[in-house]
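Worksheet for the structure shown next.
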Amino acid sequence: MQSQLVSKLRTKDDLDILKGELDMIENAIYHTDIKYEDVLRSDIRSWVSEIIIRESEGQDLGSYVKKLRDDIVGVPILSASIYFEPSLSFTETISAWLKKNVSQNIVIEVLQNSSVLGGIQLSYKGKYLDLTLRKKIAKELESITLVRN
Amino acid sequence: MDIQLIYVLIALISALGLLLVTFVFLHLKSLKEIKSLRNDLDNLKKVKDELQNKTFEPVNNQARVIIDQANNKATEIIQSVQGLSESEKQFLNKNFQDMLRANLKDYQLAAGKFTQVYDSFVSSIGSDVKARLDMGLAKVIQDTQVEMKNVILNVNNTFSNLYRGFDTEVAEYKKGILKQIDKLGVDIIKQVSIKVLGKTLSKKEQEDLVIKSLEEAKKLGFFE
């Protein structure tokens, strides 16, 4: 069964932070001088540690973390370039749309690029799609009909 | 001497005298005909020169003028245009061809004038001379036709070259615009977007456009 943590990831930043947290937990598990309980309590975000403690109850924490790491390796990442710096709420809106329409596990990497002017430039699973206003305007200019003096 | 012999001698001398007078008369008549033929020849040369200098040369000159006029007109048309749609290409082509036809009509009128002068001239001369001139005229007509074909060919080639050059110019212009966009980036796109959209997009409109674009991507099967 897949961890609840995976479906809670919204952005690539979330994914990277979770990877860092798993590194710290694994480090604590395999080094006797660090107590993983301390790490879970002090270094990991509380909602993350809560889910980890709950889901790993009754099983080996090392095995749980390894499986979790395997799960997040397969998380699809959508890179999206947009004109403006998105607010947190808008990032959540995009994420919600993606989880509903594409995949429950998908995360988004939002890149701010003012040259796109509007719309979105997408990169996903090796594919690329330009739906920006810049592209549309450039296309219009390409088919422009010039007038006589 | 016998009187009869004297009569015979007188008759012979008279006959010889008559022959001499006849010979002189015929010789003088022959000289007159030669002089007349020489005059005809002089007239022939004169008219030939007149045809050459006053009629045929102007026709040739006019042919050259046609080429110049066609080139100038084509250049004028081309230079007055910044870009061409398909309908404008047709307009340009028709305009140019009309102008060409008008000039060639003038050329044909001049050639017709040459033929009239020639016909008038040959009607007043002997048939043998006329036959020789007819051969000359055939050559003149042949040369004229070749000249006319050359005029048409030159003008069409000139037009084609100018037209081809202009197509390239338009393509370069468009490429230049896109290159300029890449170079200037955001600023020019903003300016163009204002012209295209009539306004700059608000934050809400930007967000809606992103969601709309995602929906478009889904319709295109991008996420599959």
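The values are calculated or read from the model by the stated rules, or taken from the named source; none is laboratory data. The shown structure was predicted, so the numbers you read here are calculated from the model rather than taken from an experiment. Every residue, glycine as well, gets a Cβ built from its backbone with ideal geometry; the counts of neighbours run over all protein chains shown.
Structure above, values below:
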| read-out | value |
| --- | --- |
| Scope the stretch A:120-136; condition crowded, with 17+ Cβ neighbours inside 10 Å and either in contact (Cβ under 8 Å) with a residue 40 or more places away in the chain or within 16 Å of the chain's Cα centre (by Cα) (or both); matching residues | A:ILE120, A:GLN121, A:LEU122, A:TYR124, A:THR132, A:LEU133 |
| Hey, A:GLU109 touching a helix residue (DSSP H, G or I) at 6+ places or on another chain (Cβ under 6 Å), outside any helix (DSSP H, G or I) and either surrounded by 17 or more Cβ atoms within 10 Å (Cβ to Cβ) or in contact (Cβ under 8 Å) with a residue 60 or more places away in the chain (or both) or not | yes |
| Hits in the stretch B:203-224 (condition: within 17 Å of A:LEU117 (Cα to Cα) and more than 7 Å from every other protein chain (Cβ to nearest Cβ)) | B:LYS204, B:GLU205, B:ASP208, B:LYS212 |
| Top-ranked residue of the stretch A:117-137 - restricted to ones that are within 9 Å of chain B (Cβ to nearest Cβ) and among the small types (Gly, Ala, Ser), ranked as nearest to A:LEU98 (Cα to Cα) | A:GLY119 |
| Residues of the stretch A:7-38 satisfying the condition of being touching a strand residue (DSSP E or B) at 6+ places or on another chain (Cβ under 9 Å) and either of a type outside the set (Asp, Glu) or loosely packed, with under 13 Cβ neighbours inside 10 Å (or both) | A:LEU9, A:ARG10, A:THR11, A:LYS12, A:LEU15 |
| Subset of the stretch A:28-54 (residues that are farther than 30 Å from A:SER79 by Cα and of a type in the set (S, T, N, Q)) | A:THR32, A:SER42 |
| Any pair with Cβ under 9 angstrom, 6 or more apart, that starts in the stretch A:36-47 at a residue that is under 11 Å from A:MET24 (Cα atoms) and ends at one that is among the hydroxyl-bearing types (Ser, Thr, Tyr) | A:VAL39/A:SER49; A:LEU40/A:SER49; A:ASP43/A:SER49 |
| Scope the stretch A:24-35; condition without any contact (Cβ under 8 Å) to a residue 24 or more places away in the chain and touching a helix residue (DSSP H, G or I) at 6+ places or on another chain (Cβ under 9 Å); matching residues | A:MET24, A:ASN27, A:ALA28, A:ILE34, A:LYS35 |
| Which numbered condition A:ASP16 misses (of (1) assigned by TED's automatic domain parsing to the domain that holds A:LYS125; (2) assigned to a helix (DSSP H, G or I)) | (1) |
